[in-house]
Amino acid sequence: MDVASSESQKTFPFKYDFTVDIEDLRYIRKSKKGLNWKYLVLELKDGANLPTLHFHEGGSKNFLKAIESYVMLAQSSKVTRTLEVMPHNNNALTQSFDELNLFECYDNVTDKNKTPISSAYSGLSKVTNYIQDFLNPAEVHYQTRPKHERATLVPDEATEAVGSSRIQIKQEEDTAGGFEMITCADLGPRSEPTRSLPINEEFWNNHKDEEGRIIDVDEVKRSIFRGGIDSNLRKEVWKYLLNYYIWDKTTAELKEHKEIKEENYYRMKMQWKSIDADQESRFTAISRENKSLIDKDVTRTDRTRIFYEGQENVSLKLLNDVLMTYCMFNFDLGYVQGMSDLLSPILEVMGSEVDAFWCFVGYMDIVQHNFDLNQRGMKVQLRDLHTLIQYMEPKLWDHLEEKESSNLYFCFRWLLIRFKREFSFEDIQTLWEVSWTGLPCRNFHLVMCLALLDTEKSSLMKEDCGFTEILKHVNEMSGKIELQATLRKAEGIYLQLAACRKDLPDSIRQILDL
């Protein structure tokens, strides 16, 4: 890599030119906030710093992007405004998908020129095929410092007991660039809060005024978070949780609101149903891509459920129509494999095409970024989960790094379709409605991941449990997870962290809305 200081090129074009092997880079420190220009400091693996690069006229982002073409740049979780330089590793992703059964090759891949990664994505079934270069190493921002470069700052026995000392980051200003220093903090004991019974019809009716408005919405959400919703109430309450119905509207206003929504739905539905063959030949976004994917996915979504079984089941047609109409509602996103998994329980609960559509729209508003073409939403969640695991379970994290599993690809399915494949059909309804309350924080699903890993860590940390075994073990957890126990543990972890929020690193506080 040939580099010249932008500040010096005008008068001394060669004085500060230097050449460095990009593989010799260890860190890139970024300038402090508030300066009138950006600068970067390149640190080599031997600890030496290269001349500071000043970007008075901009260009620092383009410089970093150019470097990312050759190596991964990962935001350090322990040192502020510092990027760690790491080599690429693409092979792990393909094996992760394979072991997790995230895709099944229903369709033969015939393009011999495709790379293993792109071929794998071409066969991804029911989950996603939109991430053709998922976690492109040039864009990864969630890796961390290698194990051999980290110091053990708490004694082993201190990390054995739940609620004992944990590594924490305390900000101390450093004259060289504002590093965060690692210290120890007592998180205090971890409790397992009790769960309550689902809210019932009596509770629900007691929270309506005479005109049908829902009163004390915060209490309603807290009660749903604590115990879920009785099955005979879901059809009504889900409409509020998913922003189809408005909490403070009267019964009469909701009736009018629903009529408008129904009219809008059928208008959008007619838009795609009225496309003739001639139009269809020139409308590939709907006809050749979304329609084909939806047709394939609908025929293999939850077919063991009575609601969807059989070849001529009207529910399959409704599933298809709702997904096709969503493509007209959200042109930019369209259909991505995995959406049918999210719609299926909603349609079964609602039993109505229109109601299911608008509830699905509400859910997609929450998880839409899981399906972004640039994978930004998934990257952010994996990065944040990495931060939580490294902070709360340092021994587990060290093991994952040692076994080349720190990419957390084994959690990919959990996050993408919000545990849909991990819990029973009944339990996933409870888990989703609990999460839709937004309590106790917007990223509670990440704390659920942490709770699951905490429960399974004794198995995951066996010496003979390597990359493949970890993937296999996580895959075999599907359908065997006890929901209420996991919810109790997850809430306990959250409360444990919230109790010492002032001592937490900024990154943890931001993830948990503290």
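The values are calculated or read from the model by the stated rules, or taken from the named source; none is laboratory data. Nothing here was measured: the structure is a model prediction, and the numbers come from that model. We place every Cβ from the backbone using ideal geometry, glycine too, and count neighbours over all the protein chains shown. Heavy atoms of the whole protein, side chains included, go into the accessibility calculation; ligands, DNA and RNA do not. Shrake-Rupley method; radii C 1.70, N 1.55, O 1.52, S 1.80 Å.
Key figures
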{"read-out": "Positive minus negative residues near Asp427 (Lys, Arg vs Asp, Glu; Cβ under 13 Å)", "value": "+1"}
{"read-out": "Region 359-514, relative contact order [Cα under 8 Å, separation at least 6], %", "value": "26"}
{"read-out": "Residues of region 22-86: accessible area per residue with a 1.4 Å probe, Å²", "value": "52"}
{"read-out": "Probe 1.4 Å, accessible area per residue of region 376-512, Å²", "value": "32"}
{"read-out": "Difference of contour (0.36 nm per residue) and Cα-Cα distance, Asp295 to Glu236", "value": "18.3 nm"}
{"read-out": "Heavy-atom accessible surface of region 186-266: percent carbon and sulfur, 1.4 Å", "value": "44"}
{"read-out": "Global form of region 465-514, assessed from the alpha-carbon gyration tensor, a/c cut-off 1.5", "value": "oblate"}
{"read-out": "Exceeding the 21 Å Cα-Cα cut-off - candidates Lys379/Lys420; Lys239/Lys261; Lys395/Lys489; Lys255/Lys291; Lys221/Lys269", "value": "Lys255/Lys291; Lys221/Lys269"}
{"read-out": "Ordering of 209-217, 459-467, 392-400 by burial proxy (mean other Cβ atoms within 10 Å per residue, highest first)", "value": "392-400, 459-467, 209-217"}
{"read-out": "Region 231-370 - accessible surface per residue (Å², probe 1.4 Å)", "value": "46"}
{"read-out": "Sequence of Phe419, Phe203 when ordered by accessible area, the most exposed leading, probe 1.4 angstrom", "value": "Phe203, Phe419"}
{"read-out": "Positive minus negative residues near Met270 (Lys, Arg vs Asp, Glu; Cβ under 14 Å)", "value": "-2"}
{"read-out": "Packing-based order for 373-382, 252-261, 190-199, using average beta carbon neighbours within 10 Å, highest first", "value": "373-382, 190-199, 252-261"}
{"read-out": "Region 277-365 - percent of accessible surface contributed by carbon and sulfur, probe 1.4 Å", "value": "50"}
